[in-house]
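Notes to accompany the following structure.
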Amino acid sequence: MYFDSAEEVTHVLHEEPKRIVFLITSGGLGREVVPKVNELVHISRIYIFCVNVDANKEWSKQYNKVQEVFNLEDDLYKQLADDLARVYVQQANSCVKDDNRGIGRLLYNDARQLLINILRLQDNHHRVQEIDEQLTLMDAI
């Protein structure tokens, strides 16, 4: 879901108590939203995606559900995927204990796919760095 205002976000989050929520917010919107939703039980983690990392780390450090402040999409995606994979594994473990192996298997597979995607992203990130280095060398000539 995507929201333009703090009122929309907080309203929906208060109306959806049965969903596990991983909230991604901008720094500006986060300053308004995070204090209002940090203590909601169904908010699992909060990520802030912004330009000014240092300023947003400062105000957000008092909120326990703020995982990290990011300014690079790849870093945000890797952390989100890793955290989501951990939740899937926890849920899969519960399903297996409750003898619901079919759903457990699906959750394990989803966690596995997320982790594979992270590895691919890391590999691509390395390739992008190599290309950036080549471009820098070309600019120097």
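The values are calculated or read from the model by the stated rules, or taken from the named source; none is laboratory data. Note that the coordinates shown come from a computational prediction; the quantities given were computed from them, not determined experimentally. Here Cβ is always computed from backbone atoms with ideal geometry, including for glycine, and neighbour counts include all displayed protein chains.
Of all residues in region 82-108, those satisfying the criterion of being of a type in the set (Gly, Ala, Ser) and either surrounded by fewer than 18 Cβ atoms within 10 Å (Cβ to Cβ) or in contact (Cβ under 8 Å) with a residue 60 or more places away in the chain (or both) are 94, 102. Taken over region 33-81, residues that are of a type in the set (D, E, K, R) and surrounded by 14 or more Cβ atoms within 10 Å (Cβ to Cβ) amount to 8. Looking across 33, 51, 41, 21, one residue alone is within 24 Å of residue 122 (Cα to Cα) and not assigned by TED's automatic domain parsing to the domain that holds residue 122. It is 51.
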